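Engineer: Mind having a look at this structure? Questions to follow.
The values are calculated or read from the model by the stated rules, or taken from the named source; none is laboratory data. If you're wondering where the values come from, they're calculated on a predicted model, not measured in any experiment. With ideal geometry, Cβ positions are generated from the backbone for all residues, glycine too; neighbour counts draw on all protein chains shown.
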Amino acid sequence: MKNKNVQEKMMETETVFVENGIEYYEENGLYYPKLIMGNELEADVYVGRWGREWMRYLESVDKIRYRRLLISGGLKKIAKVVDGEAGDMVQRLEQEYYEKHRNRCNGFWDTYQTREQGRLMAEEIVRSEIIYKVR
């Protein structure tokens, strides 16, 4: 609990300058970086399937950006936004696909196959349009 107050105080202090993407603040004539481990700032942020997939993708293609976001505490915040966008898009695309092809569903098995095909198609589109992009 005590660390949380120190972290909040540090993040609220005025940034004196930024170098290499890291903010610095002044205290007693010395400059200190505003560094907090990402898991300390983002412990309460829940990230779903698509957000986790985006974080893995970002780490694999742009390690520097991934680490900067992790250090600054913004990684899970962006991942949560990505997760929401992707989840909404998958749901919308699945429903559109089913509505377009529902006339050929003659029973449980046909309906299941149609919905499964729609889900797979929607996931591929979401990966290419939302997940596999550096933000």
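Engineer: State yes or no: is ASP83 exposed (fewer than 14 other Cβ atoms within 10 Å of the Cβ) and under 17 Å from VAL47 (Cβ atoms)? I'd like the intermediate steps shown before the answer.
Structural biologist: Values: exposed (fewer than 14 other Cβ atoms within 10 Å of the Cβ): no; under 17 Å from VAL47 (Cβ atoms): yes.
No; evaluated as a whole, the condition is false for this residue.
Engineer: Name the residues in region 53-79 that are surrounded by 18 or more Cβ atoms within 10 Å (Cβ to Cβ), assigned to a helix (DSSP H, G or I) and in contact with a helix residue (DSSP H, G or I) (Cβ under 7 Å, 6 or more places away or on another chain), would you?
Structural biologist: GLU53, TRP54, MET55, LEU58, TYR66, LEU69, LEU70, ILE71, LEU75, ALA79
Yes or no, residue by residue, for (1) under 19 Å from ASN20 (Cα atoms); (2) modelled with pLDDT of 95 or more; (3) in the same structural domain as ARG119 (by TED's automatic domain parsing):
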site: ARG56; (1), (2), (3): no, yes, yes
site: ARG65; (1), (2), (3): yes, no, yes
site: ARG68; (1), (2), (3): yes, no, yes
site: GLY74; (1), (2), (3): yes, no, yes
site: LYS77; (1), (2), (3): no, no, yes
site: ASP88; (1), (2), (3): no, yes, yes
site: GLN91; (1), (2), (3): no, yes, yes
site: GLU96; (1), (2), (3): no, yes, yes
site: ARG102; (1), (2), (3): no, no, yes
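Engineer: Any idea which of (1) touching a helix residue (DSSP H, G or I) at 6+ places or on another chain (Cβ under 6 Å); (2) assigned to a helix (DSSP H, G or I); (3) not aliphatic (A, V, I, L, M) is the one ARG135 doesn't satisfy?
Structural biologist: All conditions are met except number (2).
Engineer: Same structure again: If MET37 satisfies every condition in (1) under 30 Å from GLU124 (Cβ atoms); (2) modelled with pLDDT under 95; (3) surrounded by fewer than 17 Cβ atoms within 10 Å (Cβ to Cβ) but one, which is the exception?
Structural biologist: (1)
Let's see how each residue does on (1) within 30 Å of MET89 (Cβ to Cβ); (2) at pLDDT 70 or above; (3) touching a helix residue (DSSP H, G or I) at 6+ places or on another chain (Cβ under 6 Å); (4) assigned to a loop (DSSP other than H, G, I, E, B):
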{"site": "ASN3", "(1), (2), (3), (4)": "no, no, no, no"}
{"site": "VAL6", "(1), (2), (3), (4)": "no, no, no, no"}
{"site": "MET10", "(1), (2), (3), (4)": "no, no, no, no"}
{"site": "THR15", "(1), (2), (3), (4)": "no, yes, no, yes"}
{"site": "GLU23", "(1), (2), (3), (4)": "no, yes, no, no"}
{"site": "TYR32", "(1), (2), (3), (4)": "no, yes, no, no"}
{"site": "GLY51", "(1), (2), (3), (4)": "yes, yes, yes, no"}
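Engineer: Any idea which residue in region 97-124 is farthest from the chain's Cα centre (by Cα), counting only those that are surrounded by 13 or more Cβ atoms within 10 Å (Cβ to Cβ) and under 30 Å from LYS76 (Cβ atoms)?
Structural biologist: GLY118
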